[in-house]
Amino acid sequence: MSKGKPPLNLIAGIVIISVICVLVMGAPVFTHYNPLEQYPEERLSTLSKAHLLGTDRFGRDIFSRTLYGGRTTLASSFLALVCSLVLGLLIGLTTGMFSGTIFDIIVMRIVDVLMAFPFMVLAMIITALFGTSLMHLLFVVAIIWWVPFARLTRSIVLQVKNETSVAAAKVLGANTRAIIFRELLPKVITPILILATFELGTLILSISALSFLGLGAQPPNPEWGSMLADGRAHFFQAPHVLLGPALFIVLTVLGLNFMGEGLRDYLDPYEIIKL
Amino acid sequence: MEDKTILHLQDLCVSYVQTGHEVSVLKNISFSLKEGEVLSLLGESGSGKSTIAKTITGLLPPSARIQSGTLTVAGHLCVNLTQRAILWNKIRGTVLGMVFQDAQLALNPLFTIKEHFREALITHKIGRASDVLPTAANLLKLLGFTEPGKVLSSYPFQLSGGMCQRVCIALTLCLRPSVLIADEPTSALDATSQKEVISLLKNVQRELGVAMLFITHDIAVANAVSNRVMVLNEGNIEEVGETQDVFSRPAAEYTQKLLAAHSIRTTVSAPQGLDAKPVIDVVDLNKAYSKNNSVIKDLCFSISEKEIIGVLGPSGCGKSTLAKCIAGIEPINSGEILYRGKNLVHLRGRMKRELCRHIQMIFQDARASLNPRYTAIQLVQEPLNYLNIGNKKSRKNKASTLLKQVGIDDAAKFRRPPQLSTGQCQRIAIARALTLDPKVLICDEAVSALDVCVQTQILELLVHLHMEYGFAILMISHDIRVLRYLCHRIAVMQCGAFCEIDSTDAVLSSGKSPHTKRLLECVYEM
Amino acid sequence: MCKTVFRRLIGAVVTLFCATLVLFIIIRLAPGDPIEIMLGRPGDLAIKNTPAYEARVAELHAQLGLDQDMLTQYGQWLKRLVSLELGTSIHTGREVSIEIAERIPATLMLSLAAILIQLVSGVVFGIVSAIRAGKILDHVIRLFCVFFASVPAFVIGLVLLMFFAVTYHIYEISGDANIYRLWLPAITLGLVGAPQLIRMVRANILSELGQTYIVSAISRGLPKKQIMRHALKNAMLPIVTMMALSFTNLIAGSVVIESIFSWPGIGNYAMNSVLLHDYPVIQGYAVIMVSVVIMANLLVELLYMLIDPRLRNRSRLERGLENE
């Protein structure tokens, strides 16, 4: 682990995410509009001093809806990701530690089957049969999103299991719990965190895409996805309606991607001879 | 006959920049190489010998800074090494050829050997396209291959380590360089391959009249291979001269230290009065990784209390696996391992950990066996924490005492492995192993990765601790010299079984099995 | 090697079976009467009590075998799937398999064009980025990658559509799938998937450049071009498996893009069917997609085994070259 200066993209990422979090959490401070209150006289008005990001087709202030909606979007995405991460970590640890056993083989088969279902397809089926809502989308996330974490954890565990450090710990009398916490987890944490930042970005993008198409959060809840679905109908007449949520989605995912890449560069840079 | 100087290096100063500060690696190195001669660069790790090779071929990493230095290669060029833009492609390959330590990694796994040769010869426009295969085949024959055709159409992963190295040497020589630089070419090979490659290398060097710069850490190999030797220590030249002169009448103190460390291990240790009671009994041990891959076959032997027994064998013979099985880290397929009469094989969980504490192990890679986030004193207390022995105060005291005994002073006690030397890491590993008062200490190639001087220190430490604490030692090694110094008995292992097990004297002087004889032949003596 | 191929094939078939089983279970788990689901949910009591309706219910009842146990139902359903009997669309009344078959060419056209764009841009920009690693061009390319990886596909699509169709009237807004309308959705889809490929190519090349065999090749005085040839050959091998991964993303992306550009492909069709609650169509779409993904993964694995000599020559390794 080289500890030089933190790279620019890592700092940029952290700054962007912090700003967004501050804006979203401190929504009452930054806007005085109620996200649900309608001002029909001002429907579909463009960006102005009164309404920073304009109004939607019911005359609701977009900026305030974006900030308040951000709470739902970010909180639910983050929570869904944390659950997937923990589940994936646990499954990856156990299959890695007990690799070759029936348990491992069964879990790997389950993973194969799950990977045959693209997220989009599964989401479409579930929402078609059970109804469209954000909760159902998050349910699909829970079924699928732990797989990349499990695979990464498992491959790291399989590799570390055979290293000298684990052999030494075993000889010295460490039980399985001690080996997991002292030897395995420290080596797993960093790659998993890097993967988590990227996966959170992908998650937000996927959910917003589905919501845009009408399968996710339903109006009138201010949530970035449902706002996108809302604004789709009038897009060509009033494109600014999508600006608020789209901008925030892009900035959030951008910040996450910067952080992920920055972390990767910081912890594992390449050293190459000049040709 | 005048000996022409083919290569001359003047006043080379190189430093590396790491996390802010600059570390000087080479200080004013100057030497010459005559036509057709072999000059050894002898030094321990960190002496800068590899850096010299990398500097004159332009292969230094971006973090290196060349402060001064001029390279002259007779008949070709004179280069100021501090320049930013040097036309390296005029020097590399055709003037200076290089052979690397790990031959299998030095070849592109997706190219056949044929393609490697074709690419090298055609790029440098040596001969016609139709001459490529015959040239390559001839060189390979020079390097001991009886069927060059087969080798040429193989991929690197289909060849053994020794074969890959011979191919690499042929590949470098096909470009007809004036100087061949060999950077630890045999360090990654086992004893038999090493002997083979070195003798072939000498032959081909003599036949083609190529000057050679041979980089090594092994005194005996340097003695066998070179005309002249240059001893390096921490970036400084300690001594230069004819090989025989330097090694019989060393002028520099450092050279004397190296020779002493090497020669101390030529005396056979006297057998002491041993307890007849066995502390470890191995009965019909069988281990296989898969159906066709049997690693240990029907092994039987015992270790007496306070005995030092060595296991000698080439890489892949199963000796490391044997060590892991006895220590309880690897499961076995059938057989028994008895510790003072109690069978360890079927124990699980708490019982296993209670009994196995009497058998401890230290590993080849000392640094890897220590968790880098803990200090030395915390590391030594680890096993006491795992098995819940004593309280905080007693554990700390025991750790302190042991650290002092292995030679880790108070300042180093609170440092972490990244801030400690490899020798210090191995000492900490030994102290940690002794915390549980084991009756058996298994050393799996414990000194193989250490420099010669440090090796001797650790071996002396082991002897000292053995006398004080009275534990038995099972020493696994491929190096006969180590076992000669340390052991009462030696077992020679091949393909999963002992072909011979007898007192050190008997094995080394009149090795009965042909395998032992072959291993003994591969040792370079001074 | 034949043994491994055989094992992979069996594995794929097993996975396919399990996947269809999972689909079957999900469909059965849905709330509501399965017959009502298949017929659409008529809210009008009048329709429900007509003899024609009752006849259809009886027909479906027999067809779905609802009085038999789950396993037989699954078996029958599977049999129908294999003979490509995917049911009848509630909305149009036509056979689902025909509806889907009509729309496959459009999706295929779009997907192939997009893959081509992704591959070309991925390889080209990945190589350029790796060669100029650390320099300005590399940073610019990486910035573009991060940016396009952060923008949702539909935003890119809408912005491009806005620009080319509404503002400049270059692009035609209609429901046709012809070659003149292909370029914009293909570019959009390509832009969405390219960053991942560019990043992977760059990372692979950079990691290969740090290997010993590259240093060894440099020491033999080989020029830059030859060195890159060494690194590229090794770096490109994993790209094949990468394509399998991006295939799944392509499916997701095509649904969104087809929707925005009114491209008459199966993605668009499936999405509309979801909103119309046309369950047989969604079921058929899911079955086809899952099968395609499994087959694509299998093909890629086999292809990888073919082109990597290390995997091809596994058995030769054992017989190896004896003491030379």
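Taken together, the values in this text are just the output of simple stated rules run on the coordinates, not laboratory data. Quick caveat: nothing in here was measured; it's all calculated off a predicted structure. Glycine gets a Cβ as well: all are built from the backbone with ideal geometry, and neighbour counts include every protein chain shown.
Return the tail of the calculated pair distribution for chain B, meaning the percent of Cα-Cα pairs more than 31 Å apart.
Values: 73964 of 138075 pairs.
Above the 31 Å cut-off, chain B has 54 percent of its Cα pairs.
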Enclosed volume per residue, in Å³, of the convex hull spanned by Cα atoms of the range C:92-215: 144 Å³
Expected 222 nm ellipticity per residue - DSSP helices of 4 or more, -39500 (n - 2.57), all of chain C, to 500: -24500 deg cm²/dmol
Debye intensity ratio in log₁₀ form over the Cα atoms of the range C:219-280, taken at each q of 0.14, 0.23 Å⁻¹: -0.60, -0.91
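Below 15 angstrom from the Cβ of C:Thr107, what's the summed charge of the other residues (Lys, Arg +1; Asp, Glu -1)? Let's see the in-between values first.
Values: positive: C:Arg103, C:Arg181; negative: C:Glu99, C:Glu102, C:Asp176, C:Glu258.
Once positives and negatives cancel, what remains is -2.
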Dimensionless Rg ratio for the range B:1-141, taking C-alpha atoms and the 2.2 N^0.38 Å reference: 1.21
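In nm, what is the difference between 0.36 nm times the number of residues separating B:Thr19 and B:Ser130 and their Cα-Cα distance?
Details: separation 111, 0.36 × 111 = 39.96 nm, distance 5.14 nm.
So the chain would gain 34.8 nm between B:Thr19 and B:Ser130.
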Semi-axis lengths, Å, the protein assembly as shown, gyration tensor of Cα atoms, sqrt of 5 times eigenvalues: 63, 37, 30
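Using 0.36 nm times the number of residues separating A:Gln159 and A:Leu193, minus their current alpha carbon distance, what extension gain do you get? List each step's numbers first, then the result.
Numbers: separation 34, 0.36 × 34 = 12.24 nm, distance 1.84 nm.
Length gained, A:Gln159 through A:Leu193: 10.4 nm.
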Value of Rg/Rh across the range B:135-192 [Cα atoms, Kirkwood radius]: 0.96
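Go ahead and run the numbers for FRET between B:Gln419 and C:Cys2, Cβ-Cβ distance against an R0 of 60 Å, rounding to 0.05.
Working: r = 54 Å, r/R0 = 0.90.
It comes out at approximately 0.65.
Provide the packing ranking of C:51-57, B:335-341, C:290-296, i.e. peptides ordered by the mean count of other C-beta atoms within 10 Å per residue, highest first.
Top of the packing list down: C:290-296, B:335-341, C:51-57.
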Those lysines that a straight Cα-Cα span of less than 19 Å connects to B:Lys34, excepting residues fewer than 8 apart in one chain: B:Lys4, B:Lys49, B:Lys202
Label-point separation in nm, B:Arg350 to B:Ser68, each point 7 Å along Cα→Cβ: 7.1 nm
Debye, to nearest 20: dipole size of the range C:187-277, +1 on Lys, Arg Cβ, -1 on Asp, Glu Cβ: 620 debye
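Please arrange B:Ile308, C:Ile179 by counting, for each residue, the other beta carbons lying within 10 Å of its beta carbon, fewest first.
On the way: B:Ile308 27, C:Ile179 8.
Fewest-to-most ranking of B:Ile308, C:Ile179: C:Ile179, B:Ile308.
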Burial ordering of A:Arg232, B:Arg166, A:Arg60, A:Arg71, fewest other beta-carbon atoms within 10 Å first: A:Arg71, A:Arg232, A:Arg60, B:Arg166
Kirkwood Rh and Cα Rg combined as Rg/Rh, the range B:40-99: 0.95
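Ignore the peptide's own chain and count Cβ atoms of other chains within 10 Å of each Cβ in A:195-207; give me the average, rounded. Working shown, then result.
Numbers: counts 0, 0, 0, 1, 0, 0, 2, 2, 0, 2, 9, 4, 1.
That average works out to 2.
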Rg/Rg_ref, the range A:125-275, where Rg_ref = 2.2 N^0.38 Å and atoms are Cα: 1.45
Separation in nanometres of the label points that stand 7 Å from Cα toward Cβ, at C:Met70 and A:Leu267: 4.2 nm
Segments C:17-28, C:241-252 sorted - mean Cβ within 10 Å per residue, highest first: C:241-252, C:17-28
Two-site label geometry, A:Ala178 and C:Arg56: point separation in nm, points 7 Å out along Cα→Cβ: 7.1 nm
The range C:225-272 and the range A:49-79: distance between their alpha carbon centers, rounded to Å: 33 Å
Exposure proxy ranking, count of Cβ atoms within 10 Å, fewest first, for B:Glu196, B:Glu468: B:Glu468, B:Glu196
Residue among A:Gly231, A:Met25, A:Gly13 farthest towards the positive dipole end of chain A, charges placed on Cβ: A:Gly13
Residues listed by number, the range C:154-172, amide nitrogen under 17 Å from C:Tyr180 label point at 7 Å toward C-beta: C:164-166, C:168-172
Equivalent ellipsoid dimensions for the range A:136-208 as semi-axes, Å, which come from the Cα gyration tensor, largest first: 32, 11, 9
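What FRET efficiency do you get for A:Ala142 and C:Leu275 if R0 is 25 Å and r is their Cβ-Cβ distance, rounded to the nearest 0.05?
Values: r = 24 Å, r/R0 = 0.95.
That gives a FRET efficiency of 0.60.
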Rounded FRET efficiency, nearest 0.05, which uses the C-beta distance separating C:Met295 from C:Tyr168 and R0 of 35 Å: 0.30
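Given 20 °C and 1.002 mPa s, how large is the Stokes-Einstein diffusion coefficient of chain C in µm²/s, with Rh as the Kirkwood radius over Cα pairs? It would help to have the intermediate numbers written out before the result.
Details: Rh = 23.4 Å.
For the chosen part, D equals 91 µm²/s.
Averaged across A:124-135, how many Cβ atoms of other chains sit within 10 Å of each residue's Cβ atom?
Values: counts 11, 12, 4, 3, 16, 13, 5, 3, 2, 0, 0, 0.
Average neighbour count from other chains, rounded to a whole number: 6.
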Given charges at beta-carbon only (K, R positive; D, E negative), |dipole| of the range B:1-67 in Debye: 240 debye
Bridge type composition, the protein assembly as shown - antiparallel percent by DSSP, nearest 5: 55 percent
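What is the local net charge at B:Gly97, summed over the other residues whose Cβ is closer than 9 Å to its Cβ (Lys, Arg +1; Asp, Glu -1)? Could you put the intermediate results ahead of the total?
Details: positive: B:Arg92, B:Arg176, C:Arg220; negative: none.
Residues near B:Gly97 contribute +3 overall.
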Cα-based Rg / Dmax (Å) for the range B:195-255: 12.5, 37
